[in-house]
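Peer 1: Here it is, the structure in full.
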Amino acid sequence: MNDVSNTQAHPKLQRFLDKFTDISVKIGNQVHLRSLRDAFATLMPMFILAGVAVFFNNVLFTWVLKGDMLAKFQVFGTSLTNGTLNVASILIAPMIAYYLAKNKSYDSPISAAAIALSAVFIMLAIHVSVTPDGAKKTVEVTGAVLYSQVGTTGMFAGIIIGLLATEIYLRLSKVKALKINLGDQVPPAVGQSFSVLLPSLLTLGLFGVFAAVLAYFNADLVTLISRLIQEPLRSVNTSLPGFLLIYSTGNFLYTLGIHQTVINGSLLDPLNLVNMNENMAAVQAGKQATHIINTDFVTVYSQMGGTGLTIALIIAVLLVSHYKPYKDVVKLAVIPGIFEINEPIIFGFPIVFNIPMIIPFVLSPVIGSLIGYFATAIGFVKPLAYLVPWTTPPVLSGLLASGGDWKVVLVQIVILVVCTLFYIPFIKISERVALKQAELNNQ
């Protein structure tokens, strides 16, 4: 079968791949990026629950309920959304702090999470403008925390505050002069709390000073990060060119044996999730979703049936291949592939270091993304607005993510057909290479 030997005849290519792999591994193991991925993986069930809540409120309930009864039932979805989607920054900051402290082998990561959570609230604006129901003018309110501050708008602020607060706290905790030792006679929990008392006070005190300076200029950190960092970065990374470049790079890494989340999990997933959450919030408010590229976009169009759209590879092998090793691997991979779990085919086919298969593996998601994007851009389908688990099977994923739009399913079928046809010639080439290698090995 095709393996690393495909590159042995090209020493320069092999050296390039080895160097590229080493760099990618270092990036993937970078402690801050790893902590970020761990945090989002932990919170993903909550964001999926928000998607389910929006689906119930704006699809299922509207089929059978009207008027006041509908409004009463929609409290169910609204409450779930408020506790998940609309407090995203409050959730993400302590999760990042916990995993960063844990990944740095700090002995009490939960204390770092508490510091980060407190820092988020310290950096919120004290005075906020709100418009009361029925009023035409906004009024200034003191001491209120708005969902608009701590929801998707503040998600990137939560990430930065979580990372920054934890780094400061961990560094100060290493300074022996700042540790208060009460001896062995006190309970361990009490001793630990006093040991980090000064680092905690200094960390939060620094954030308090920063908040006061910003307030002097009528500003707050959450709003500044949203305007100066989150929005410009999101406009680039979730644009069509930016998305295709980053996502394809992540898929290429996978062909070298490095999981695509090394790149995509850090550069795309947080920003796609912000777009996804804003789409869900828009639908929840009775408005039109606006972001084409989001978390569901990847699941439904780019990654349907697994990274590299390998469900199309499975279909292609079943249709045209007579090579027994490939057919045997596909038999094992077909059930996991339906649920977007494609490690069996990536490492069993293999696709890793299999040069003929690298091309369709990297480019098939590009084809799926382009078809899905332009189908949405021309108005044939609407932007996806109901977050579904990434393991949702093809066709069902499109149906649920769109709130029951069969045109999205049709787009998925078109993508499957096109990508299956695209995989076929490369399968034939890969078969010839495998047979040739087998002949050489038997000589």
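Peer 1: If you fit an axis through the alpha-carbon atoms of helix 197-216 and take the longest principal axis of the Cα set of the chain, what angle between them do you get, 0 to 90°, nearest 10?
Peer 2: On a 0 to 90 degree scale, this one is about 90.
Peer 1: Per residue of the chain, what 222 nm ellipticity follows from adding -39500 (n - 2.57) for every DSSP H run with n ≥ 4, rounded to the nearest 500? Could the numbers behind the result be given before it?
Peer 2: Details: 21 runs with 292 residues, N = 443.
So the helix-based figure for the chain works out to -21000 deg cm²/dmol.
Peer 1: What residue among Leu146, Leu80, Leu384 has the largest mean-square fluctuation in a Gaussian network model of the chain, using Cα springs under 10 Å?
Peer 2: Leu146
Peer 1: Where in the chain lies the longest segment free of trypsin sites (Lys or Arg not before Pro) that are both loop residues by DSSP (not H, G, I, E, B) and have at most 15 other Cβ atoms within 10 Å?
Peer 2: Here the longest run is 288-443.
Peer 1: Follow-up question, since we're still on this one. Apply 1/(1 + (r/R0)^6) to the Cβ-Cβ distance of Phe73 and Ile429, taking R0 = 60 Å, and write down the FRET efficiency to the nearest 0.05.
Peer 2: Working: r = 56 Å, r/R0 = 0.94.
Given R0 = 60 Å and the Cβ-Cβ separation, E is 0.60.
Peer 1: Per residue, how many Å² of accessible area does the range 202-349 show with a 1.4 Å probe?
Peer 2: Numbers: 5750 Å² over 148 residues.
Each residue of the range 202-349 exposes 39 Å² on average to a 1.4 Å probe.
Peer 1: Tell me, what % of the accessible area of the chain is carbon and sulfur with a 1.4 angstrom probe? The partial results should precede the final answer.
Peer 2: Numbers: 14260 of 20890 Å².
Carbon and sulfur: 68 percent of the exposed surface of the chain.
Peer 1: Can you give the angle from 0 to 90° between the axis of helix 269-284 and the longest principal axis of the chain, with both taken from C-alpha atoms, to the nearest 10?
Peer 2: Helix 269-284 sits at roughly 70 degrees to that axis.
Peer 1: How far is helix 31-55 tilted off the main Cα axis of the chain, in degrees rounded to 10, range 0 to 90?
Peer 2: That works out to roughly 90 degrees.
Peer 1: Same structure, new question: What longest range of the chain stays clear of loop-exposed chymotrypsin sites (Phe, Trp or Tyr not before Pro) (DSSP non-H/G/I/E/B, at most 14 other C-beta within 10 angstrom)?
Peer 2: The reported range is 1-216.
Peer 1: Within the set of other residues whose C-beta is less than 15 Å from the C-beta of His127, count the net charge using Lys and Arg as +1 and Asp and Glu as -1. Don't skip to the end; give the middle numbers.
Peer 2: Numbers: positive: none; negative: Glu140, Asp220.
Result for the neighbourhood of His127: -2.
Peer 1: According to the square roots a ≥ b ≥ c of the eigenvalues of the Cα gyration tensor, what is the shape class of the range 295-420, taking rounded for a/c under 1.5, prolate for a/b larger than b/c otherwise, and oblate for the remainder?
Peer 2: Details: a/c = 2.19, a/b = 1.85, b/c = 1.18.
The shape class here is prolate.
Peer 1: Using a 1.4 angstrom probe, figure out how much accessible area the range 375-443 has per residue, in square angstrom, rounded to the nearest whole.
Peer 2: For the range 375-443, the per-residue accessible area is 51 Å².
Peer 1: Based on the Cβ-Cβ distance of Arg227 and Asp107, what FRET efficiency does E = 1/(1 + (r/R0)^6) give at R0 = 35 Å, to the nearest 0.05?
Peer 2: On the way: r = 38 Å, r/R0 = 1.08.
After rounding, the FRET efficiency stands at 0.40.
Peer 1: Here's something else I'd like to know. By its C-alpha gyration tensor, with a ≥ b ≥ c as the square roots of the eigenvalues, how is the chain shaped: rounded for a/c under 1.5, else prolate for a/b larger than b/c, else oblate? Walk me through the intermediate numbers first.
Peer 2: On the way: a/c = 2.47, a/b = 1.39, b/c = 1.77.
Oblate.
The values are calculated or read from the model by the stated rules, or taken from the named source; none is laboratory data. Only a predicted model underlies this, so the values are computations on that prediction, with no experimental measurement involved. Methodologically, a virtual Cβ is constructed for each residue, glycine included, from the backbone with ideal geometry; neighbour enumeration extends over all protein chains shown. The protein model used for the area step is the full one, side chains on, heavy atoms only, and it has no ligands, DNA or RNA in it. Shrake-Rupley method; radii C 1.70, N 1.55, O 1.52, S 1.80 Å.
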